[in-house]
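Below is one structure, written out as structure tokens; comments come after it.
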Amino acid sequence: MSDAARLLDPYQPHVSLLHDLDARVKLALAVGFILITALCPPGAWPAYVLLLTITISGALLSQLGLGYVMKRSLLALPFILAAVPLLFTTAGNTWLSFPFFGTTANISDAGVVRVASIALKSWLSVQAAVLLAATTTIQDLLAALRAYHLPRLLAVTVALMWRYLFVMSDEALRMLRARTARSGHLAGRKTGGRLTWRARVTGGMAGSLFLRSFERSEAIYHAMVSRGYDGEIRTLPTRRLSQNEIWLMIGGSIVLSMILLIGIMTGG
Amino acid sequence: MLFSATPMHIPDGFLSVLVSVVMWIASVIVIAVAIRQLNGSLSEKDIPLMGVMAAAIFAGQMLNFTVVGGTSGHLLGAALATILLGPWAAVIVMTTVVGTQALIFQDGGLLALGTNIFNMAIIGVFVSYGVDQILRRWLGEDLKGVMIRGFAAAWGSIFIASLAVALELAISGTSPANIAVPTMAGIHALIGIGEGLITLGALSFIFAARHDLLKTGNAGTKSQKGLLFGGLGIAVLLAILSPLASAYPDGLEWVAEQKGFLEAAQDPAYSIIPDYVFPGISNEAIATIVAGIVGVLVVLGIALLVARTRSRTETKA
């Protein structure tokens, strides 16, 4: 396994119920989960708890461990900064006020509810996406997307991209290593040149990476032609979903719809 | 996680379902057009090219440089892809990259993916294309022209896309427009400079090593007038819409205003144009638009100046 592959591929090989599940079912359920989460109104705490129960069960069923899923799902949280101003601008009873540059800032209770809801909903959605990505190989995921009518050109581009992502990432890591190896550090001396120079050097590296990709893509094309490539990518036909899988999807949507109903009844 | 999350990938939970669905539909339509355009002009050789270029853009985002302290800048790649592959192929390549980031790496949400694709793969590419084509007429095909065009296209793509992000968040009610627009615009005016410099570096390298790749679009695209005006249209529309939204933030801001918080929050020491309203114009909306445009022009001017001095020292050296 290459350096980059170890760093990049989120797929965690385990033997579990969730791993065995057909990618089409997993994809549909994950997207449905995220859609329902988005539709839940702010402050629908009971619904959030039920949704969290689903992701926790998923984490346990998948053998990934709760820690792995929780840790990875925190990645998107810095974005919550975008919603923080709502604490102050949402109308409601003052919940907390503190001095702020000579004036007082008031945090309203409604504002706290809104921001906490956004953070929770975002966290829940990322958990579902982490579960999907960690238990499904990209080949299965692509086949599922193809079954849901992803255009062939996109599917082929993704497949080729994934095939060469690690190659190009290793290339990029080698470039970074080479740059580090040639960059001196002296204690007490300013090193590294000017910012624009550093950016230009990075640009040069990016250009060089692109050029190598251009040249590599020609070699790849020749190799493909030599094995009979004629512009058409052929894949095995996908099997039909079994009765059980269809029932699982129907059951999943019923559970999710009921959670949404609870959310609408309890949310503000 | 290797790819530092820029404030450009919107996660799930931050967009209203309505905004997500509308943006999904818009993205699907544009991607369908792109595929139709490419089906006519794409040779079988271009398919591996697009796949590998998508991998290169992905991997290229690992190449970073220290800005200050712990922060670092890195490439997003829409402008570079547009200049090297032509606009329609770039839309597909960037869609692939953004889609994979969401589906595999949770960099941006799944429901929000339509919006993220629209911002980065469609607005990013169209604006790059518009800027690049307009400047091509004036600047020509020499190294200096290529570098300035690359810088301006990259900066414009980042900046305009960030305005779109701010507006989408504001319409969804997750971030008040009068705070989201100036903040996103301010941050990305800077991030755009990093993107511009990397793009410029990459293009000057390719100019030296494989000049033929820069001669009028690859992957079978000729100059397309409709697309050019589409790109510039998006840029102008967003430049006008966002300060408007910023001037009339959704309701309820009076609560905060009563306490004088917004004034405190909105008056950074470095602001040249007070409160984003141009002095001397009485109508507030028009004044805000003028202020926004002047702001964009000032930053664009500075950016062009930087590019010019860079290219001058380059030709001397």
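The values are calculated or read from the model by the stated rules, or taken from the named source; none is laboratory data. Worth saying up front: this structure is predicted, and the values here are computed from it rather than measured. So basically every Cβ, Gly included, is an ideal-geometry build from the backbone, and we count neighbours across all protein chains shown.
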- Counting only residues that are buried (at least 16 other Cβ atoms within 10 Å of the Cβ) and among the β-branched types (Val, Ile, Thr), which one in region B:22-32 is nearest to the other protein chains (Cβ to nearest Cβ)? B:ILE31
- Selected residue (only one of A:VAL201, A:VAL225, A:VAL156, A:VAL130 is among the hydrophobic types (A, V, I, L, M, F, W, C) and in contact with a Ser or Thr (Cβ under 9 Å, 6 or more places away or on another chain)): A:VAL130
- Looking at B:TRP138, is it at pLDDT 85 or above and aromatic (Phe, Trp, Tyr)? no
- Message: Yes or no: region A:194-210 includes at least one residue that is more than 7 Å from chain B (Cβ to nearest Cβ), at pLDDT 90 or above and outside any helix (DSSP H, G or I).
- Response: no
- Item | Single unsatisfied condition, A:LEU132 versus (1) assigned to a strand (DSSP E or B); (2) under 24 Å from A:SER57 (Cβ atoms) | (1)
- Matching option when the condition is touching a Pro at 6+ places or on another chain (Cβ under 8 Å), in contact (Cβ under 8 Å) with a residue 24 or more places away in the chain and of a type outside the set (Phe, Trp, Tyr), among B:ALA152, B:ALA170: B:ALA170
- Task: Would you mention how many residues in region A:18-33 are within 12 Å of chain B (Cβ to nearest Cβ) and free of Cβ contacts under 8 Å to residues at least 40 places away in the same chain?
- Result: 1
- For A:VAL15, work out the one condition from (1) surrounded by fewer than 17 Cβ atoms within 10 Å (Cβ to Cβ); (2) part of a helix (DSSP H, G or I); (3) more than 10 Å from chain B (Cβ to nearest Cβ) it doesn't fulfil. (2)
- Note on the structure: Only one of B:ILE57, B:ILE92, B:ILE83 is at the interface with chain A (Cβ under 7 Å from one of its Cβ atoms), surrounded by 24 or more Cβ atoms within 10 Å (Cβ to Cβ), touching a residue at least 24 places away in the same chain (Cβ under 8 Å) and under 19 Å from A:SER213 (Cα atoms), namely B:ILE92
- Just wondering, is there one or more residues in region B:168-177 that are touching a strand residue (DSSP E or B) at 6+ places or on another chain (Cβ under 9 Å) and at pLDDT 85 or above? no
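Residue-by-condition table, conditions (1) closer than 20 Å to A:LEU81 by Cα; (2) surrounded by fewer than 24 Cβ atoms within 10 Å (Cβ to Cβ):
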residue	(1), (2)
B:GLN106	yes, no
B:GLY109	yes, no
B:ASP132	no, no
B:ARG136	no, yes
B:LYS144	no, yes
B:ALA152	no, no
B:ALA164	yes, no
B:LEU169	yes, no
- Which residue, of B:SER162, B:SER157, B:SER128, is more than 10 Å from every other protein chain (Cβ to nearest Cβ), of a type in the set (Gly, Ala, Ser) and touching a His at 6+ places or on another chain (Cβ under 7 Å)? B:SER162
- Item | Those helices (runs of 4 or more DSSP H) lying entirely in region A:34-120 with at least 1 residues more than 9 Å from every other protein chain (Cβ to nearest Cβ) and more than 30 Å from B:HIS188 (Cα to Cα) | A:45-61, A:66-73
- Residues within region A:147-158 that are surrounded by fewer than 19 Cβ atoms within 10 Å (Cβ to Cβ) and in a helix (DSSP H, G or I), tallied: 3
- Within the set of pairs 6 or more residues apart or between chains, which connect a residue that is closer than 18 Å to A:ALA116 by Cβ inside region A:62-90 to a residue that is in a loop (DSSP other than H, G, I, E, B) with Cβ atoms less than 6 Å apart? A:ALA76/B:PRO11; A:PHE79/B:PRO11; A:ALA82/B:SER175; A:ALA83/B:THR174; A:ALA83/B:SER175; A:PRO85/B:PRO176; A:THR89/B:PRO176
- Identify the residue in region B:106-152 that is among the aromatic types (Phe, Trp, Tyr) and in contact with a helix residue (DSSP H, G or I) (Cβ under 7 Å, 6 or more places away or on another chain) and, among all such residues, is nearest to B:ALA164 (Cα to Cα). B:PHE118
- Residues of region A:133-168 that turn out to be facing chain B (nearest Cβ under 8 Å) and within 22 Å of A:LEU64 (Cα to Cα), as a count: 3
- Message: Quick test for you: out of B:GLY124, B:GLY194, B:GLY186, pick the one residue that is surrounded by fewer than 24 Cβ atoms within 10 Å (Cβ to Cβ) and assigned to a helix (DSSP H, G or I).
- Response: B:GLY186
- Among (1) at positive phi; (2) out of contact with any strand residue (DSSP E or B) (no Cβ under 7 Å at 6 or more places or on another chain) - the single one A:GLY92 does not satisfy: (2)
- Filtered residues of region A:206-234 (kept if more than 15 Å from A:THR157 (Cα to Cα), within 31 Å of the chain's Cα centre (by Cα) and aliphatic (A, V, I, L, M)): A:ALA206, A:LEU209, A:LEU211
- Task: Please specify each residue of region B:168-183 satisfying the condition of being of a type in the set (Gly, Ala, Ser) and not in a helix (DSSP H, G or I).
- Result: B:GLY173, B:SER175
- Query: Of the conditions (1) over 30 Å from A:GLY228 (Cβ atoms); (2) buried (at least 24 other Cβ atoms within 10 Å of the Cβ); (3) touching a Phe, Trp or Tyr at 6+ places or on another chain (Cβ under 6 Å); (4) among the aliphatic types (A, V, I, L, M), B:VAL52 fails just one. Which one is it?
  - Reply: (1)
- Determine, yes or no, whether A:ALA172 is hydrophobic (A, V, I, L, M, F, W, C), at the interface with chain B (Cβ under 9 Å from one of its Cβ atoms), buried (at least 19 other Cβ atoms within 10 Å of the Cβ) and under 29 Å from A:ALA82 (Cβ atoms). no
